[in-house]
Number of protein chains: 6
Amino acid sequence: MEKMTWMEFALKTDAFVILPIGSMEQHGPHLPLNVDSVIAENFAFRIAEELDAVVAPTLKYGYKSKPLSGGGPLFPGTVDLSGLTLQTNIIELIDEFYKDGFRKIFIMNGHYENEAFIVEALDIASQKYGDSLLLITSNWWEPLSQETIDAVFNQRPFPGWALEHAAVTETSLMMYFAPDLVREERIIDTKGTEPCCYMKYPIEQDIIPSTGVLSTAFSSSAEKGKLLSDTAVKKLVSILSQYCHK
Amino acid sequence: MEKMTWMEFALKTDAFVILPIGSMEQHGPHLPLNVDSVIAENFAFRIAEELDAVVAPTLKYGYKSKPLSGGGPLFPGTVDLSGLTLQTNIIELIDEFYKDGFRKIFIMNGHYENEAFIVEALDIASQKYGDSLLLITSNWWEPLSQETIDAVFNQRPFPGWALEHAAVTETSLMMYFAPDLVREERIIDTKGTEPCCYMKYPIEQDIIPSTGVLSTAFSSSAEKGKLLSDTAVKKLVSILSQYCHK
Amino acid sequence: MEKMTWMEFALKTDAFVILPIGSMEQHGPHLPLNVDSVIAENFAFRIAEELDAVVAPTLKYGYKSKPLSGGGPLFPGTVDLSGLTLQTNIIELIDEFYKDGFRKIFIMNGHYENEAFIVEALDIASQKYGDSLLLITSNWWEPLSQETIDAVFNQRPFPGWALEHAAVTETSLMMYFAPDLVREERIIDTKGTEPCCYMKYPIEQDIIPSTGVLSTAFSSSAEKGKLLSDTAVKKLVSILSQYCHK
Amino acid sequence: MEKMTWMEFALKTDAFVILPIGSMEQHGPHLPLNVDSVIAENFAFRIAEELDAVVAPTLKYGYKSKPLSGGGPLFPGTVDLSGLTLQTNIIELIDEFYKDGFRKIFIMNGHYENEAFIVEALDIASQKYGDSLLLITSNWWEPLSQETIDAVFNQRPFPGWALEHAAVTETSLMMYFAPDLVREERIIDTKGTEPCCYMKYPIEQDIIPSTGVLSTAFSSSAEKGKLLSDTAVKKLVSILSQYCHK
Amino acid sequence: MEKMTWMEFALKTDAFVILPIGSMEQHGPHLPLNVDSVIAENFAFRIAEELDAVVAPTLKYGYKSKPLSGGGPLFPGTVDLSGLTLQTNIIELIDEFYKDGFRKIFIMNGHYENEAFIVEALDIASQKYGDSLLLITSNWWEPLSQETIDAVFNQRPFPGWALEHAAVTETSLMMYFAPDLVREERIIDTKGTEPCCYMKYPIEQDIIPSTGVLSTAFSSSAEKGKLLSDTAVKKLVSILSQYCHK
Amino acid sequence: MEKMTWMEFALKTDAFVILPIGSMEQHGPHLPLNVDSVIAENFAFRIAEELDAVVAPTLKYGYKSKPLSGGGPLFPGTVDLSGLTLQTNIIELIDEFYKDGFRKIFIMNGHYENEAFIVEALDIASQKYGDSLLLITSNWWEPLSQETIDAVFNQRPFPGWALEHAAVTETSLMMYFAPDLVREERIIDTKGTEPCCYMKYPIEQDIIPSTGVLSTAFSSSAEKGKLLSDTAVKKLVSILSQYCHK
């Protein structure tokens, strides 16, 4: 969308507008800070291609990452917005897309912790626009079937999504989407982090390994990334295409 | 706490203050609207008894329930605050407990959807008070071990926590904590709801069964409620007691 | 209301919903912190019984108590919300009751200082809903006639409402509503506090007696509590019943 | 203050700065909309003269007037801010006076309904500045003794402060402070309004007389205005002068 | 407007209401703090006279002055609101004028830095009221023609509007509008300040001359003030009068 | 910055972090919506290279464009945030960079209307961090000398910065920075828009030409873009480098 002129853009208002949301968050020694944005953006472009949709510029600053699913504020480079600000950004962008004539918005989320504030934004916007506006959101990992997960974790056990941070799925997707940004030689083995049944503040420095990796990325590959991408994109396209001609 | 005089209260500032947070949310035809509050409050009292802690009045209005884990705004009686307002209530109460001399606060949550806004409140408060204030939160179902879950779901399969709404665990806990409030004769069988990999607004009326039950409550019992309560309380007491004499 | 199922609740939308609002505030050595909530709640239940109305869960945290009518922040156990947050809670609950189908809301206030923020909330909500929503609020002491006040203060002079804090009227009402919570043996005599014609911050520690009692509670009785309750309830019922069949 | 140059102003930071707050509110057919501002401002100048204090520009837009003590939104010309905005204005001005070096601020209020939001602003500011900043507020009618009230109401009974709107005290003060603004020939007799024990929204058009006068202004005089002014100013000067050399 | 009774005011709703906005800001050793308010107010009265419009009480506290166009927070007596608060004041006043029946509002601005927040307020209000409300704003210096500027700067070069602070145009206008407030004997010569191509915080104390004068006021006169006033008023009246009978 | 790992990023905290801010705004038929972001970002990278600074991800959604300097909401594709939200984003990002250890932040602005809200954000942040944090902002056109402007406008007269929208300077910069995004064949001649001395809402559809071009882009070239870029970068580098080793 951002590369279009306003005249090109004005012709597309019947289509879905897709807003990718990522984060700036540590992803271990082998992945860059923008992993969640790169992934959300690449999913968005692939879905847009199938549906002839418009991709809005990615929100690259997301909500705070939680200590146990990403390291939170313990690592430099994790640059977050408050929940309220993320939510307000989304509501105002929905208002603007609506004013520009769009009636179908899909929010492609790449960062787990964003979810509650995306949903709050959609709820508030939906109370305003009612049936005149369709709002859908998904996280990229949600449409994956058990079969796909099994295929990806054929060498290592699946540690659960909370610990899949800078690990096999994200690393594989980055190898497929943006191989230049992956420092493969710095992938390390790591003892898996234990999930914890409570949350404590102030956050303790040693709550996760000092590398920021919660689960090893060994066994990642671009092929696995392609599999993850193809499966999720196909599923999301089939969901969204139901609404394309309404 | 609310039944104390201020002089009695003033003697307790070395202890944990426990703030239970629930919701007003439909829980099917057999459970009252205040299930989440009753459960959070009862956990709070049991923990307080073990730790000689103070229980603050329960926040009985929680955050919006999501359509697929409770029915959201589709049912009368679901009376919600916005995320921001819930968060602000919590932050201001933390400020007040701090001014009254407390340095250890535990938030006992009984409603899944509250979690993100409780955590945001704790994060913001913790940035203000730093190491001078200990803040801990847990949901009642998080400290449960796999063994306990297996014991409770000895007759029916565990549908996952998202669908355990007005189902076996909540009904069992209510049978144990507040049997008068359970309409046992209205427990119904229900085809389990399927989880969904995306969220859509406006919410469709038929997204969950018209009874508001996502998974049947058959096989619930006060004994199972006691087991759930005893196990979780024991675990939480052991966590909190580490900090009691600091 | 909180003990109803959603199906029971859904049948009551033609009735008034009554929202009691109290506070957590010091009430001397003989009364608990929740006096204002207990009183507001008991009034609400008595009115609801007469009018077949629904009582929503009490807001137990109120606005800051002023130094000269309750001790303000000088006493532990006074746990307040800011005016804005109290006001926002009320507005959001009105929104929710409206969405659930209610068109008549009565707010029963038990804490003097809440009043300005309740009124602001009603004004803002009323601008939104106009004639489609009836909003009424009263403090429990306002409907009392001079005769009732004279009858209650037959042994001690009436010090004015501002100083009637933890004194004869509140103590009598608590003796009637919740005798278990009254520590009668700790009722003390006290030199009356002088009202002051200005407000100064920071608040001086010695502005009110160290017990938190502004006026003695001697001469309180459950009979006087019943008289206060019966008189005010009768008056409020007669006011509200005018609107019951509209 | 506003007529000073910054260099003149910079010499006065040891003194009190006085901030008058009024309103734009109907005051019947014989008084202008700015009565509350004129009165607050005149009190401020008289006090400032005695104490060598600085008077800041008056906040001429106040909080909403309540229906039963001024006519509220029923009359054109009543131009109000919300409570939050009034409060925020006050807090920000306190911040600015503090940055400019002032450590003593007196807020002279001329409009009853402003009070709760002034007090909330002072409470919030005082939590920020603690003992380093003295904040005092008074309404002009609070320092009046019973003797003064008796002297002013020598011909008509005192209807209580809530109904003293556009009536004897305000009219007398305006006759003294700003006789040009009083339309004496339009002073009318009026049946006194009854106070009401509850507040209802939407506000009914006929809740107060169509003239906006709650109680007659007959018997007002500039002499009574002078008496009211002299008495209140003397009392307030004696209160504030205690703090002048600290 | 503030000197009207509500009945007089109610007859004027077909007219423009003019809201002047100024500031409290240092204006060198020869001008008072309220220069921007005095100028905005005087323009407003002159325009109102021509158009039979209503002038609302001036907002005397404006937005922060920038260091390089007025000295910002470096000088005592500069008493500012935040941008958000100024904006909220304006939006709420627009709401109130609208409720009172006005459909044409003109905001006469006297302080450069207010502009962005006035425009934001108008944009937000206009989204609410659409075509039913006409909102216009201008700064007093914008309608001036090059001829007028040349005539005023016949002795000194025009330094650009940013540096015309407490200089020839403002001093001339004050000599014409409020000669009593001009300390002519304190007008000083000053080396002109250089504009700067970036903004730096914290602001350096020596960024502008210690007198607060960015450009000398020598050559100012009441005649030049009258010329500036007459020219701008005439232009603004011709703009506004297009809308007077719509 | 976004392509770094957290470990690489952690080594750079002595350097400036540069935050580019652009907009999504119509730029005529020959330029894409993201012109302001592309330009701000390219300036940021060139400056960062000279100073070994870190470039944070660009804020691609800016504040509303004004009707007369870009077309405002009249054109599809102009997707704006409110002033408050832009300001809050900036404040929160400053907080985060500060927490990560940075003490020098430069905000490179590419969109005229952002300026007031960037400055408000810097002012608020600077009050919080005082001398411990250096904050600088500039618009790309401000450091240009008259000589450079004369050299660029050697064929067409300079219409003033307000009308230089999608015109010679922006088009030349885009030809230099991102030639693929310029549709040269769609550059049109256009009668220049007249600046206007007031702002009116609702905005009239015909206030600017229907193409969105305020001034022709003929005579643009990549060479002129390089000249503009080299000159401004050199100037900004010389300003910022003064602070590099402090």
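The values are calculated or read from the model by the stated rules, or taken from the named source; none is laboratory data. Remember, it's a predicted structure, so these values are computed and weren't measured experimentally. Backbone-built Cβ (ideal geometry, glycine too); neighbour counts: all protein chains shown. To get the accessible areas, we keep the full protein, side chains included, count just its heavy atoms, and leave off ligands, DNA and RNA. Shrake-Rupley method; radii C 1.70, N 1.55, O 1.52, S 1.80 Å.
Against the definition (under 17 Å from E:Val213 (Cα atoms) and open to solvent by 50 Å² or more (accessible area, probe 1.4 Å)), how does E:Glu142 come out, yes or no? It is false that E:Glu142 is under 17 Å from E:Val213 (Cα atoms) and open to solvent by 50 Å² or more (accessible area, probe 1.4 Å). Any residue that is surrounded by fewer than 19 Cβ atoms within 10 Å (Cβ to Cβ), touching a Pro at 6+ places or on another chain (Cβ under 8 Å) and touching a residue at least 40 places away in the same chain (Cβ under 8 Å) - is there at least one of those in the range F:152-167? So far as the range F:152-167 goes, yes, one or more of its residues are surrounded by fewer than 19 Cβ atoms within 10 Å (Cβ to Cβ), touching a Pro at 6+ places or on another chain (Cβ under 8 Å) and touching a residue at least 40 places away in the same chain (Cβ under 8 Å).
Checking each residue in the range B:42-71 for being assigned to a helix (DSSP H, G or I) and in contact (Cβ under 8 Å) with a residue 24 or more places away in the chain picks out B:Asn42, B:Phe43, B:Ala44, B:Arg46, B:Ile47, B:Ala48, B:Glu50, B:Leu51, B:Pro67, B:Leu68, B:Ser69. Apart from one condition, F:Ala116 fits all of (1) within 30 Å of F:Met7 (Cα to Cα); (2) modelled with pLDDT of 95 or more; (3) open to solvent by 10 Å² or more (accessible area, probe 1.4 Å); (4) small (Gly, Ala, Ser); the exception is (1). Consider D:Pro29 carefully, then state whether it is under 16 Å from the mean Cα position of the chain (by Cα), surrounded by fewer than 23 Cβ atoms within 10 Å (Cβ to Cβ) and in a loop (DSSP other than H, G, I, E, B). No: the conditions fail for D:Pro29.
What are the residues in the range E:1-44 that are among the aromatic types (Phe, Trp, Tyr) and more than 9 Å from every other protein chain (Cβ to nearest Cβ), if any? Those that are among the aromatic types (Phe, Trp, Tyr) and more than 9 Å from every other protein chain (Cβ to nearest Cβ): E:Phe16, E:Phe43.
Looking only at the range B:95-108, residues that are more than 10 Å from every other protein chain (Cβ to nearest Cβ) and buried (at least 24 other Cβ atoms within 10 Å of the Cβ) come to 1 in all.
Within the range E:214-225, the set of residues being in a helix (DSSP H, G or I) and open to solvent by 50 Å² or more (accessible area, probe 1.4 Å) comprises E:Glu223 only.
Rundown of residues vs (1) touching a Cys at 6+ places or on another chain (Cβ under 6 Å); (2) under 20 Å from D:Lys234 (Cα atoms); (3) of a type in the set (A, V, I, L, M, F, W, C), yes/no style:
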position	(1), (2), (3)
D:Ala10	no, no, yes
D:Ile47	no, yes, yes
D:Val55	no, yes, yes
D:Lys60	no, no, no
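Here B:Arg183 passes the criteria (1) in contact (Cβ under 8 Å) with a residue 40 or more places away in the chain; (2) open to solvent by less than 20 Å² (accessible area, probe 1.4 Å) except the one numbered (2).
Sort out which residues of the range C:193-213 are within 14 Å of chain D (Cβ to nearest Cβ), open to solvent by 40 Å² or more (accessible area, probe 1.4 Å), in a loop (DSSP other than H, G, I, E, B) and over 15 Å from D:Ile107 (Cβ atoms), and write them in order of number. Of everything in the range C:193-213, those that are within 14 Å of chain D (Cβ to nearest Cβ), open to solvent by 40 Å² or more (accessible area, probe 1.4 Å), in a loop (DSSP other than H, G, I, E, B) and over 15 Å from D:Ile107 (Cβ atoms) turn out to be C:Glu194, C:Pro195, C:Cys196, C:Glu204. Being of a type outside the set (Val, Ile, Thr) and touching a His at 6+ places or on another chain (Cβ under 6 Å) is not true of A:Leu227. Inclusion of F:Ser238 among residues that are among the polar types (S, T, N, Q) and either touching a residue at least 60 places away in the same chain (Cβ under 8 Å) or open to solvent by less than 20 Å² (accessible area, probe 1.4 Å) (or both) is not warranted. Any idea which of B:Ile118, B:Ile107, B:Ile136 is touching a Phe, Trp or Tyr at 6+ places or on another chain (Cβ under 6 Å), in contact (Cβ under 8 Å) with a residue 60 or more places away in the chain and of a type outside the set (Phe, Trp, Tyr)? So the residue among B:Ile118, B:Ile107, B:Ile136 that is touching a Phe, Trp or Tyr at 6+ places or on another chain (Cβ under 6 Å), in contact (Cβ under 8 Å) with a residue 60 or more places away in the chain and of a type outside the set (Phe, Trp, Tyr) is B:Ile136.
In the range E:185-209, of all residues being among the hydroxyl-bearing types (Ser, Thr, Tyr) and in contact with a helix residue (DSSP H, G or I) (Cβ under 9 Å, 6 or more places away or on another chain), the one that is nearest to E:Asn42 (Cα to Cα) corresponds to E:Thr193.
Within the range D:77-98, the set of residues being more than 22 Å from E:Tyr98 (Cβ to Cβ) and not aliphatic (A, V, I, L, M) comprises D:Gln87, D:Glu92, D:Asp95, D:Glu96, D:Phe97, D:Tyr98.
From the list F:Ala178, F:Ala125, F:Ala222, the lone residue that is within 13 Å of chain E (Cβ to nearest Cβ) and of a type in the set (A, V, I, L, M, F, W, C) is F:Ala125. For the condition open to solvent by 10 Å² or more (accessible area, probe 1.4 Å) and either away from chain D (no Cβ under 12 Å) or at pLDDT 95 or above (or both), E:Ala56 does not qualify. Screening D:Asp230 against (1) within 14 Å of another protein chain (Cβ to nearest Cβ); (2) out of contact with any strand residue (DSSP E or B) (no Cβ under 7 Å at 6 or more places or on another chain) leaves a single unmet condition, (1). Tell me whether the range B:130-138 contains one or more residues that are more than 10 Å from every other protein chain (Cβ to nearest Cβ), at pLDDT 85 or above and open to solvent by 50 Å² or more (accessible area, probe 1.4 Å). No, the range B:130-138 has no match at all. Test A:Met1 against the criterion of being over 25 Å from A:Arg186 (Cβ atoms), modelled with pLDDT under 90, open to solvent by 10 Å² or more (accessible area, probe 1.4 Å) and in a helix (DSSP H, G or I), and give yes or no. So A:Met1 does not fit the description; no.
The test for being more than 9 Å from chain B (Cβ to nearest Cβ) and either surrounded by 23 or more Cβ atoms within 10 Å (Cβ to Cβ) or not acidic (Asp, Glu) (or both) does not hold for C:Val79. When B:Ile90, B:Ile18, B:Ile39 are screened for being buried (at least 21 other Cβ atoms within 10 Å of the Cβ), more than 13 Å from the chain's Cα centre (by Cα) and not in a loop (DSSP other than H, G, I, E, B), only B:Ile90 passes. Checked across the range E:21-40, the condition of being at pLDDT 95 or above, more than 18 Å from D:Lys60 (Cα to Cα) and touching a Pro at 6+ places or on another chain (Cβ under 8 Å) holds for no residue. Scan the range B:211-224 and give yes if some residue there is free of Cβ contacts under 8 Å to residues at least 40 places away in the same chain and under 16 Å from B:His165 (Cα atoms), otherwise no. Scanning the range B:211-224, I find no residue that is free of Cβ contacts under 8 Å to residues at least 40 places away in the same chain and under 16 Å from B:His165 (Cα atoms), so the answer is no.
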